[in-house]
1. Take the Cβ-Cβ distance between Asp99 and Glu19 as r, set R0 to 45 Å, and report the resulting FRET efficiency rounded to the nearest 0.05.
2. Using only alpha carbon pairs under 8 Å that are at least six residues apart, calculate the relative contact order of the range 102-198 and give it in whole percent.
3. For the pairs Lys65/Lys143; Lys143/Lys169; Lys110/Lys143; Lys110/Lys169, note any where the Cα-Cα span goes beyond 20 Å.
4. If you take the C-alpha gyration tensor of the chain, multiply each eigenvalue by 5 and take the square root, what semi-axes do you get, largest first, in whole Å?
5. How large is the dipole of the range 38-181 about the Cα centre if only Lys and Arg carry +1 and Asp and Glu carry -1, each at its Cβ, rounded to the nearest 20 debye?
6. 222 nm [θ] for the chain, helices only, -39500 (n - 2.57) per DSSP H run of 4+, per residue, to 500?
7. Between Asp35 and Tyr138, how many nm apart are label points set 7 Å from Cα along the C-beta direction?
8. If R0 is 35 Å, what FRET efficiency do you get for Ser71 and Ala167 from their C-beta distance, rounded to 0.05?
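Nothing in this text is a laboratory measurement; each read-out follows from the coordinates by a stated rule. Treat the numbers as computed from the prediction; the structure is a model and nothing was measured. Cβ placement follows ideal geometry from the backbone for every residue including glycine, while neighbour counts extend to all protein chains displayed.
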Amino acid sequence: ETDLIWGAVSNLATRLTAEGLNGVISMMAYNGYGDVPDFALPPNIEVMVATMGPWSVHNAQSLAKDDRMVSAWAKTLGHTVRLWNYPCKLLGMDVKGKDVPQTCPRAWAKFYEHSAPWINGAFAESETDRWFYNYLNYYVFAKVCWDNDVDVDALLDEHYRLMFGAAAKEMSEIYETLEDCWAKGVVGNSINTPMGPVV
């Protein structure tokens, strides 16, 4: 299936060049056709690779699999790729008692800093039952995507100080505990299946 899909994409990209059109073909590398094909691809193909994203940070097997796939695509294409990630609470990641926060800014930061050499952008599909659970994830995601060398510790310290004032220390401990519970206890035990991630 991979060679069939990417053969068709390659043909379209080659036709664009042959007809003098200055364009690119953008295609997702997804389950079923996520593997790199066994043939060279034209340079005017942009690929978005579907990976677990931040939830793989505490799952060595999942992170290694994602790294192999993303780096293989970047090497094959000769340029960086985009990511489509799933740091969501839904999509098979439901837990009993829905109001369990998935606030994990450090996992988000670590994943995108780690992936920086191979990527030029990312989309985080991050459904949740409460938007508030993602606000700090999104904030850190935006900062890390803007500057991969941002000091995440300083960024979070500033957030806790400005958001919570005198209670900054206690609130940072609460947030760190929430992240530890979610990142290691729930999604750190996830596996990729043909139907997507399951915890």
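1. Values: r = 55 Å, r/R0 = 1.22.
About 0.25, to the nearest 0.05.
2. Reported relative contact order: 37 percent.
3. Over 20 Å Cα-Cα: Lys65/Lys143; Lys143/Lys169; Lys110/Lys169.
4. After diagonalising the Cα gyration tensor, the semi-axes are 36, 19, 13 Å.
5. So the magnitude is around 320 debye.
6. Values: 6 runs with 84 residues, N = 199.
After summing the helix terms and dividing by the residues of the chain, the value is -13500 deg cm²/dmol.
7. Label-label distance for Asp35 and Tyr138, simple model: 3.8 nm.
8. On the way: r = 42 Å, r/R0 = 1.21.
Efficiency at R0 = 35 Å is approximately 0.25.
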